[in-house]
Structures are given as structure tokens and as C-alpha cells.
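Read through the structure below, which is laid out as C-alpha cells, and then see the notes.
Every number in this text was worked out from the coordinates using simple rules, so none of it is lab data. From a predicted model like this one, the values you see are computed outputs, not experimental measurements. Positions of Cβ are backbone-derived with ideal geometry, glycine not excepted, and every protein chain shown enters the neighbour counts.
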Amino acid sequence: MRTLGYGFRQGIKNIGQNRLFSLAAIGTIATCLFLLGIFYALISNFQNMVYNAESNVGITVFFDEGTTQKQIDWIKEKVLACKTVEKVVYISAEEAWDAFQKEMYSKDDKIEDTFGGDNPLKDSASFEVYLSDVSNQESIIHFIKKLDGVRKVNGSNTMASSLTNFNLLITYVSVSIIVLLLMVSVFLISTAVATGIRVRKDEISIMRYIGATDLFIKIPFMVEGILIGLIGAILPLVLLWFLYGKMVEFILTHFEVLSRWLTFVNTAEEFKTLIPLSLMVGVGIGFVGSAMSVRKHLREIA
Amino acid sequence: MRQENELIRLEHVNVAYPTGTEALKDINLSVQKGEFIFVVGSSGSGKSTFIKTLLGEVQAASGKLLVAKHNLSKMRRKELPYYRRTLGVVFQEFRLLDDRNVFENVALAQRVVGVSNEKIRRNVLQMLEMVGLGDRRRAFPKELSGGEQQRVAIARAMVNRPSILLADEPTGNLDPNNSWEIMGLLEEMNQLGTTVIVVTHNNEIVDKLKKRVITLNKGEIINDEVQGGYIQ
């Protein structure tokens, strides 16, 4: 405990004495974690929008002519048994005809007269099947098509795959940029600590002569790295906390037309994961950067 | 024949530089508890290598080295700090930390071994009184004279009560008055029971103090004399 306390005080002192490099390292980590925060917000919000969109992307199942209610119930049971199926909604022929009329004709059109009051879609009762994961759509369609009493199955594969692919693209790009920035951060922390070690070469040498263990010598440098990482993580979190709400507000007021699709994750929910993630990454790169440097440079000192 | 009070024993010790040049050749030596020894010799005679070998900084190529119950020939790297805690070391250039005051420079030796703050305060103040710097504990090294800096270095070396004090040219950077004061302090430490080994080329001090003198030349002990003198 005493060694830890001493190491902690010396670590803080090291940051102060090695101001320039410490600031550069803090700045890089802060930039990196700021970007991480932005990408995280982008990905999580996009996933949220995809999830909402997915809930609106359905498979339409039409039945053979003359299919009985018993058969329809049986089909529903089979479809609901599939893993990613979230819900199945029955659309009767009448509901389908009403919806079609609303979509295609104005109130003034005497459309009912044209068909003499008959329902031209009388064999168009259907199920709308909603999935929790659109990437499974194809296999579900394949399964439903094989069921007895099913005439036709319409999917929305293009939209489903575009959403999934776009989400994947954003994730890959974000992860690549973040990994690159993390590597730069580790390098900068390790350089800051290496400079600290070089500046304190005499001190380390004296400590070795008076019987300091490697751990006693290492602790202040490890504390220095971890603190740099921690400060570098806290700064962007504070900034992002204020910016996130403002950005959401700005987008919703300036792009009102898109508000149907833009469903944002709220600030508290967003930071519930982002705070521990950023802190862990900050402390992690601080630890790895200083450990690498300490391991490499301390051996050079007698 | 090994004696009961023997603190250091070197048998056929050879030390070579990485270039292959032999720095110490077939060194045989026995030092008893409480001895005061001068190690003398011209430049390149192997004096510094001798001290470095005792510090565990340089590994012997062959031979047996027993120091304060530690077998240096078989010592692993992680055991070295614990061995060094049995030694105190003083350098010609003092090697104090400029960013810490006198108290903290001496306290560092105690912090390294995990002594409590309360004990550190008591031991350091006692040690500073002993070296005559009780009233300068808040001063920084740059505010002290060379003699005072060397006193701080001696206090740092002695605060953990080591059994052996190694001093590498402790008067090399001091004027004659300060040199004599430092030698007086080292004698005091010796009288308290610490074995003191001083590497020096100050013939006046060696001749006057009449202690055991080991003379090295080209890495070999050419003379080992109780109450000896400086051989040119």
C-alpha cells in the first residue's frame, strides 16, 4: 500500500514534470476517444434506426384460393414457430381492398361502382410477417413457401440487405479508424513514458543502487500512463455529453422531413455503454503504452 | 579458512569487459565485520570494477563471491534489490535528486524498502543529525556545498543501517577540509559497526588514517596490508 501510495504521488508528479509529452498524449487519446464516441453514437443510433426499420419491413404471405380458416391458423402457427419471427398480422381480403382504395384513389372517385360492390381482392387475404433480424429473411421466405396453402410470398430483400450491408460498412470503417487511432495513442503514451524514463535515468539508477525492486520503479510510470489514459477518456466524454443532445436537437429541427426515420437513442441510454467503454479503452491504452515502454527502457538502466 | 565474522569472501574472482579485456584477475579476498578498508590503485587498475562487482552491477566471469550471506555468483536478477539493501553506497558525484529536498533524498532509501512514514521521519531526522545536517533538511541539493551534499549521500546510504558501506572516491570532488570531514564521518559509521570500503586515490588520507589498504594494479591485488599506506 505504501509503495502504491508513493507510486501514485510520483506518477502525478511525472505528468507535471513531463508536461509537453503528457499533454500530447492526452490530446491524442482524447481525440481518439472523441472519435470513438462519435462513431459509437453513429453506430448505435444507426442500429436503433435499422431496428425500427426492420420492425416495419415485412414478408407478405398470400394463400391458395379457398384456403380455410383452419389452414390459415395452421400456417400462422408454423410461421410463428420460426426463431426470428417477431409477429404475424392477418390482413383480411376486405382490409386489403380498403387499404388499396385509400392508397390508389381519392374519396371522390366512385371506385365501388366500377366493381359493382364486389371485392376484386377477395383472394388476397394475407399475413404480414415481421422479423427481429432482417438478414434471415431469405431462409424464412424459403420455409414459408413450402407450407401447404401458401400461394405466394413477397419479401423485401433489397431493403433488408441494404440496411444490413450499410450497417456493416459503417461498423467496418469505424473500427478501422478507431484501431488506427488507438495504435497512435499507444505509441504516444509509450513515447511520453519513455521520455520520462530517460529524464529520470539518474533517479532510476540511484533507486536501483539503494535496493528498489523493479515493481517500485515501474509503478510511477504505470500510474503516469494510466492517468494520461484516464484524463484522455474523461475529456471527450464530457464534451460528447454536451454535444450529443445538441446534435440530436439540431438534426430533428433542421431535418424535420426525415424525422419519421430518424429515431435517436436518448443521451442517458447512449452514455450507459459509452462511459465504461471509453474509460476502459483510455485506461487500457495507458496501461499497455506505459507497460511497453517500461519493459523496453528500464532494462537499459543498470 | 572461513572465519565467523567474515562478511565478504572472494575466491579466484575474474571479471572481464564485454571486449574481452580482463578487468579483475584472480582476486582472493576476505573482509571481516567492522573492518575499514581502502582500495587504491592508479587509473585503470580495476578499482571501479571492484566496487561494481560488489554492487552486483558487473557479473564475475568466474570465481566465488560471498557478500553478507549472498552468493553473488548464483544471484538472479530479481534477488539483486534485496541484496543491495544490505549495502550503502556513496559516489564521487554525490548523485542526489535535485528536485527533492535533503529530507526526501534520504527518505527515498527508506521508502524503497517500505518503511512507514512515521518511522521514516524519525530515522531520517536522526540520520541527518548524525551527519550534522539536522537544520538543513528542507534545503535542496543545489543550495548545499559539496561537503554537505556528500553528507546527505552518506545519510542516504546509512539510513537503512546496512552492514557494508561502499564509497567510490567519496572525496574526489571535495576540497581538503571537506575531504577530512567526510573521512571523519565514514570513520564514525565504521565505529558504529558498519564495514566500510573506500575506493580512493587520495594518498594523504590513506597514509594518515593507517587502515587496511588493498592495492590493485592492472586488475590484480598487488598488496594487501593492515595499517598500510598508499603505494604509487
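Looking only at residues in region A:215-241 that are of a type outside the set (A, V, I, L, M) and farther than 17 Å from residue A:2 by Cβ, the one that is surrounded by the fewest Cβ atoms within 10 Å (Cβ to Cβ) is A:241.
For region B:94-101, the count of residues that are within 22 Å of residue B:197 (Cβ to Cβ), in contact (Cβ under 8 Å) with a residue 12 or more places away in the chain, within 14 Å of chain A (Cβ to nearest Cβ) and of a type in the set (D, E, K, R) is at least one.
Could you check region B:166-176 and list, in sequence order, the residues that are out of contact with any helix residue (DSSP H, G or I) (no Cβ under 6 Å at 6 or more places or on another chain) and either at negative phi or crowded, with 22+ Cβ neighbours inside 10 Å (or both)?
Across region B:166-176, the qualifying residues are B:167, B:172, B:175, B:176.
Checked against (1) small (Gly, Ala, Ser); (2) more than 9 Å from every other protein chain (Cβ to nearest Cβ); (3) surrounded by 14 or more Cβ atoms within 10 Å (Cβ to Cβ), residue B:88 passes all but a single condition, namely (2). Test residue B:72 against the criterion of being surrounded by 21 or more Cβ atoms within 10 Å (Cβ to Cβ), more than 9 Å from chain A (Cβ to nearest Cβ), in contact with a strand residue (DSSP E or B) (Cβ under 8 Å, 6 or more places away or on another chain) and more than 17 Å from residue B:199 (Cα to Cα), and give yes or no. Taking the combined requirement at face value, the residue satisfies it.
Residues in region A:1-31 that are without any contact (Cβ under 8 Å) to a residue 60 or more places away in the chain and over 23 Å from residue B:111 (Cα atoms): A:19, A:20, A:23.
In region B:153-168, the condition of being more than 14 Å from chain A (Cβ to nearest Cβ) and either under 19 Å from the mean Cα position of the chain (by Cα) or of a type in the set (S, T, N, Q) (or both) is met by no residue. Taking the condition out of contact with any strand residue (DSSP E or B) (no Cβ under 8 Å at 6 or more places or on another chain), within 14 Å of chain B (Cβ to nearest Cβ) and touching a residue at least 24 places away in the same chain (Cβ under 8 Å), does residue A:197 pass? No, not satisfied.
Of the residues A:215, A:180, only one is more than 14 Å from chain B (Cβ to nearest Cβ), part of a helix (DSSP H, G or I) and not β-branched (Val, Ile, Thr); which? Break it down into steps so the answer makes sense when it comes.
Working: A:215 fails: more than 14 Å from chain B (Cβ to nearest Cβ).
Of the residues listed, the single one that is more than 14 Å from chain B (Cβ to nearest Cβ), part of a helix (DSSP H, G or I) and not β-branched (Val, Ile, Thr) is A:180.
Residue check: residue B:137 meets all listed conditions (1) more than 26 Å from residue A:16 (Cα to Cα); (2) surrounded by fewer than 21 Cβ atoms within 10 Å (Cβ to Cβ) but one, namely (1). Per the conditions (1) farther than 22 Å from residue B:170 by Cβ; (2) surrounded by fewer than 20 Cβ atoms within 10 Å (Cβ to Cβ); (3) touching a helix residue (DSSP H, G or I) at 6+ places or on another chain (Cβ under 7 Å), the sole criterion not satisfied by residue B:95 is (1). Among the conditions (1) under 19 Å from the mean Cα position of the chain (by Cα); (2) more than 14 Å from chain A (Cβ to nearest Cβ), the only one that residue B:55 does not satisfy is (2). Considering the conditions (1) crowded, with 16+ Cβ neighbours inside 10 Å; (2) within 14 Å of chain B (Cβ to nearest Cβ), residue A:17 is excluded by exactly one of them, (1). Residues of region B:102-115 that are of a type in the set (Gly, Ala, Ser), within 9 Å of chain A (Cβ to nearest Cβ) and not in a loop (DSSP other than H, G, I, E, B): B:109 alone.
Using the structure shown, decide if residue B:80 is of a type outside the set (Lys, Arg), away from every other protein chain (no Cβ under 14 Å) and in contact (Cβ under 8 Å) with a residue 12 or more places away in the chain.
Values: of a type outside the set (Lys, Arg): yes; away from every other protein chain (no Cβ under 14 Å): no; in contact (Cβ under 8 Å) with a residue 12 or more places away in the chain: yes.
So residue B:80 fails the test.
Being among the small types (Gly, Ala, Ser) and on the phi > 0 side of the Ramachandran plot holds for only one residue in B:147, B:132, and it is B:132. With respect to residue B:50, is the statement that it is closer than 16 Å to residue B:17 by Cβ, buried (at least 20 other Cβ atoms within 10 Å of the Cβ), hydrophobic (A, V, I, L, M, F, W, C) and away from chain A (no Cβ under 14 Å) true? Yes; evaluated as a whole, the condition is true for this residue.
Which of the following residues is among the aromatic types (Phe, Trp, Tyr) and surrounded by fewer than 12 Cβ atoms within 10 Å (Cβ to Cβ): A:255, A:264, A:287, A:271?
Details: A:264 fails: surrounded by fewer than 12 Cβ atoms within 10 Å (Cβ to Cβ); A:287 fails: surrounded by fewer than 12 Cβ atoms within 10 Å (Cβ to Cβ); A:271 fails: surrounded by fewer than 12 Cβ atoms within 10 Å (Cβ to Cβ).
Result: A:255 is the single residue among A:255, A:264, A:287, A:271 that is among the aromatic types (Phe, Trp, Tyr) and surrounded by fewer than 12 Cβ atoms within 10 Å (Cβ to Cβ).
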